[in-house]
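The values are calculated or read from the model by the stated rules, or taken from the named source; none is laboratory data. Since the structure is predicted, the reported quantities are computational estimates derived from the model, not experimental observations. Heads up, the Cβs are rebuilt from the backbone with ideal geometry, glycines too, and the neighbour counts pull from every protein chain shown. Surface areas here come from the heavy atoms of the whole protein model, side chains and all, with no ligands, DNA or RNA. Shrake-Rupley method; radii C 1.70, N 1.55, O 1.52, S 1.80 Å.
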Amino acid sequence: MTSLSHQRQQIANDMLCLDDFRPRELLVKMNVEELCTTDDPADNLEYHKKLKDEEKRFVVRPTFRPDKALNILRDDYNKCVADLEKAVGYSIASYDDLCKALVDRMDYFEEAGCRISDHSLEGYVYMEDESAATQDDIFSRRRNNEAITAKEAAVYRSRLLVFFAANYHKKGWIMQLHIGALRNNSTKRYESIGVDSGFDSADDFSYAKELSSLLDAMDYNDNLPKTIIYNLNSKDNTTIATMLGNFQNAEARSKIQLGAAWWVLDHKRGMENQLMSFAESGVLANFVGMVTDSRSMLSFPRHEYFRRILCNYIGGLVENGEYPDDEEMLSEIVKDICYNNIKNFMK
């Protein structure tokens, strides 16, 4: 058995050395038309520029991921600002300077084809407080290595998120919010291996009112962009799915969506639960489908896994008499969820 396993491993390794099995060739084989990477605002997007010659075969777009700018309590926050200064070519001495720099980087990303942003919200969502210090005061104190309270950091991040949303809406970008990761649980592994090295899990906290306040603040001045919200705990599916109806409008079909089963939930039961919550509280036919939320080439088959689960779920609805037994209509729903909806959503 061990010998057979070794032989198979060797065959796989030998195939991966062939030109036909290089990453770009695998993308072509898997009929990938577009993919979006995850990129920090300070990234020079060098490799996106180098991949321009591949556009006839597939498109690679950057994704704007400004978590470092939001997480003002990070130990390396000032280094992150310094990296941003290098990227924009001028000093960031105030909160207004920071906002200007971030908008400049959004413009830079848009020139490289960016149509989407991404945010990881861990342990907080929104905590506004009229008595809290101004953004400039909080930013200046942090830049001077002075103490910032957890509440001040939450207020700072929420205000900055509202600022981001307004700019995404202006550009027609999609905003993605990933909620519910509890990261770096093992101190021993964190100290020996480092951050985000596999010792993360689902968090368990209540955030319905905070999320509602965040979306409401974005929506109040008509600055809520197209938004996909992913959660890492299935118990929150109904909370998010029902809340999104409060903020829909005619800008897009299901403009605010419950995102696909993500990370520790992208298995059969997790996907079925997400589809059920989406269908119960929204229009399933408008769902933009699965996300391959991974840095691994081996994660692309997840889309095939999702398609099988989706078809099985819809087939079950038909058998129960909950959906019409109309093959042409059902085929269009599946095609839209697996392909057309995300293209239209991203424009």
Which of the lysines could a cross-linker bridge to Lys86, judged by Cα under 17 Å and excluding same-chain residues fewer than eight apart?
Lys68, Lys100
Partner aspartates and glutamates whose C-alpha sits under 15 Å from that of Lys235, ignoring same-chain residues fewer than 8 away, are Asp203, Asp204, Asp266, Glu272, Glu280
Within straight-line cross-link reach of Lys171, aspartates and glutamates at Cα separation under 15 Å, skipping those fewer than 8 residues along the same chain
Asp104, Asp107, Glu110, Glu111, Asp118, Asp222, Glu251
Want the number for Asp196 to Ala82: 0.36 nm per residue separation, take away the alpha-carbon distance, what's left?
38.8 nm
Report Rg(Cα)/(2.2 N^0.38 Å) for region 234-313, keeping two decimals.
1.10
Output the pairs from Lys29/Lys52; Lys209/Lys347; Lys52/Lys255 with a Cα-Cα distance over 28 Å in this structure; if there are none, say none.
Lys209/Lys347; Lys52/Lys255
Can you pull out the GluC sites (Glu not before Pro) in region 102-190 whose DSSP state is coil and whose Cβ has at most 12 other Cβ atoms within 10 Å?
Glu130, Glu146
Rank-order 331-337, 193-199 by packing density, defined as the average count of other C-beta atoms within 10 Å over each peptide's residues, highest first.
331-337, 193-199
Rel. contact order, % - alpha carbon contacts under 8 angstrom, at least six apart, region 11-130
27
Any idea what log10 I(q)/I(0) is at q = 0.27 Å⁻¹ for region 1-55, Debye with uniform C-alpha scatterers and no solvent?
-1.09
Any idea what % of Cα-Cα pairs in region 202-347 are farther than 29 Å?
16
Solvent-accessible heavy-atom area per residue, rounded to whole Å², over region 190-313 at 1.4 Å
49
Kirkwood Rh (inverse of mean 1/r, distinct Cα pairs), the chain, angstrom:
22.1
For region 177-198 and region 38-68, what is the separation of their Cα centres, given in Å?
25
Hey, how many Å between the Cα centroid of region 277-347 and the Cα centroid of region 1-29?
30
Cα-based Rg / Dmax (Å) for region 45-138:
16.0, 54
Pull out a ≥ b ≥ c, the square roots of the eigenvalues of the alpha-carbon gyration tensor of region 99-254, then state rounded if a/c is under 1.5, prolate if not and a/b is larger than b/c, and oblate in the remaining case.
rounded
Computed over the chain, the relative contact order (Cα-Cα under 8 Å, seq sep at least six) in percent reads 11
